[in-house]
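Structure record follows, encoded as structure tokens.
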Amino acid sequence: MSRIIVTGGAGFIGSHLCERLVKEGNDVICLDNFFTGSKDNIRHLIGNNRFELVRHDVTKEFYAEADEIYNLACPASPPSYQYNPIKTVKTNVMGTINMLGLAKRCRAKILQASTSEIYGNPEQHPQKEEYWGNVNPIGIRSCYDEGKRCAETLMMDYHRQNKVNIRIVRIFNTYGPKMDKNDGRVVSNFIVQALQNKDITIYGDGSQTRSFCYVDDLIEGIVRMQNNKENFIGPVNLGNPSERSILEFAQMILRLTNSKSKIVYKALPSDDPIRRRPDITLAKEKLNWEPKIGIEEGLMKTIEYFDNLLKTEKR
Ligand code: NAD
Ligand code: UDP
């Protein structure tokens, strides 16, 4: 049993992680400012004496005793992180400094939720951990991409300078139940549009690719990374290497939902990466991890979640 802080614990990935850690018998402190997260995601844990929910903004200092930290606080969808870009930088930089300070004081182990976005619009394909990336430092995605890159730098410098025990995971597009239906990411947008027989909005011509990982697979990878006994600090890619174009993805969702929606094309946002697929050789070798849930199985679970949510909202 460990005392574990999960920042961003009321968000999509954070809420699945809190559930898993509580189930394993740990004491979990969930820190969240509810910018993109929701109490609904963790409502079932409130009242459990192994779970504490604290409304807290990670850009401010936080004092508690802990054995481990999972630093997930940061809006993840482009419309959410671009809503207040300066705040996104502060969350990544000041939030990570505050959590590293806590880790240093408590001698806690800290895992940083980094991202495939640190590779930017990649010139190497698939992306390996050694690749330094191709990131625009002054564009509309930079607050997130550069914020996350600086967070990795901080993790490494606290490790080298202060011997903090760190782990860095680079998460590729992840989906599943508890995604926010309005946060603008492609999986939630397409499923909700299809279930409501509304137009499916493809940005650009749909030839850009992504590789989607089901959330249960990702959580397994994150927990294995935190607990690995070799003191392997990463960075390590976590994602599903099965790559497809956004157009193919839209067609798959139309088929799985039996939807009457039409596909419509909208402008591609600037700096939208053209291709993205993780090379997960390192995760296989070091963590004996690879995704197990195929895209159709994962999508059916996610479609069921949004279908129930929409029906409940109607009542
Ligand atoms: P999410 O937006 O659902 O969750 C983020 C959580 O952080 C929310 O609960 C939000 O309220 C909270 N938060 C934001 N700013 C905060 C602040 N200043 N103080 C305290 N809490 C704050 O996103 P998610 O998909 O669950 O992503 C979780 C983490 O994983 C993020 O760090 C994200 O960058 C990273 N990640 C996610 C993906 C993905 O595909 N979902 C891919 C790569 C990286
Ligand atoms: N996208 C789309 N329609 C939407 C939402 C997103 O075509 O309604 C595209 C988006 O331009 C990107 C891809 O889907 O090329 C994945 O977008 P998302 O915002 O989910 O994640 P990210 O771009 O950060 O990978």
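Coordinate-derived values only; no laboratory data. Here the structure is a predicted model, which means the values were calculated and not measured. Quick reminder, even Gly has a Cβ in these numbers, built from the backbone with ideal geometry, and neighbours come from all protein chains shown.
Would you mind counting up the charge near I140? Only other residues with Cβ under 13 Å from its Cβ, with Lys and Arg at +1 and Asp and Glu at -1. Numbers along the way, then the final one.
Values: positive: R141; negative: E117, D145, E146, D271, D272.
So the surrounding residues net to -4.
When W132, W289 are arranged by Cβ crowding within 10 Å, least crowded first, meaning fewest neighbours, the order is W132, W289. Cross-link reach is defined here as a Cα-Cα straight distance under 18 Å, omitting same-chain residues fewer than 8 places apart; for K60 the aspartates and glutamates meeting it are D32.
Excluding D217 itself, what net charge comes from residues whose Cβ is under 9 Å from its Cβ, given Lys and Arg +1 and Asp and Glu -1? Intermediate values should be presented prior to the final figure.
Working: positive: K292; negative: D216, E220, E290.
The answer is -2.
Just check the range 23-63 against the gyration tensor rule for me: Cα atoms, a ≥ b ≥ c as the square roots of the eigenvalues, rounded for a/c under 1.5, and otherwise prolate or oblate depending on whether a/b exceeds b/c. The shape class here is oblate.
Counting only aspartates and glutamates at least 8 places from K266 when in the same chain, those with an alpha carbon closer than 15 Å to its own are D199, D205.
Listed by Cβ neighbour count within 10 Å, with the fewest neighbours leading, K90, K314 appear as K314, K90.
The convex hull around the C-alpha trace of the range 1-129, projected and averaged over every direction, spans 8.6 square nanometres. With K and R counted +1 and D and E -1, the other residues having a Cβ less than 13 Å from that of I293 yield a net charge of -4. On a 30 Å Cα-Cα criterion, which of the cross-link pairs K148/K314; K181/K262; K104/K286; K178/K292; K104/K292; K104/K301 come out too long? Cα-Cα > 30 Å for K148/K314; K104/K292; K104/K301; rest within. Amide H contacts of G9 (H built 1.01 Å from N, in plane; Pro and chain starts excluded): L31 sit under 5 Å, all sequence-distant by 5 or more or on other chains. From the largest down, the range 241-296 spans 44, 31, 10 angstrom on the principal axes of its Cα atoms. As a size descriptor, the averaged projected area of the C-alpha convex hull of the chain was calculated at 15.4 nm².
Using alpha carbon centroids, what distance separates the range 144-210 and the range 238-315, in Å? Here the two parts' Cα centres lie 12 Å apart. Within the range 109-210, list the trypsin sites (Lys or Arg not before Pro) lying in a DSSP loop whose Cβ has at most 10 other Cβ atoms in a 10 Å radius. Of the trypsin sites (Lys or Arg not before Pro), the ones in loops of the range 109-210 whose Cβ has at most 10 other Cβ atoms within 10 Å are K163.
What does the C-alpha gyration tensor say about the overall shape of the range 205-315? Classify as rounded when a/c is under 1.5, otherwise prolate if a/b is larger than b/c, or oblate. Oblate, because a/c is 1.5 or more while a/b does not exceed b/c.
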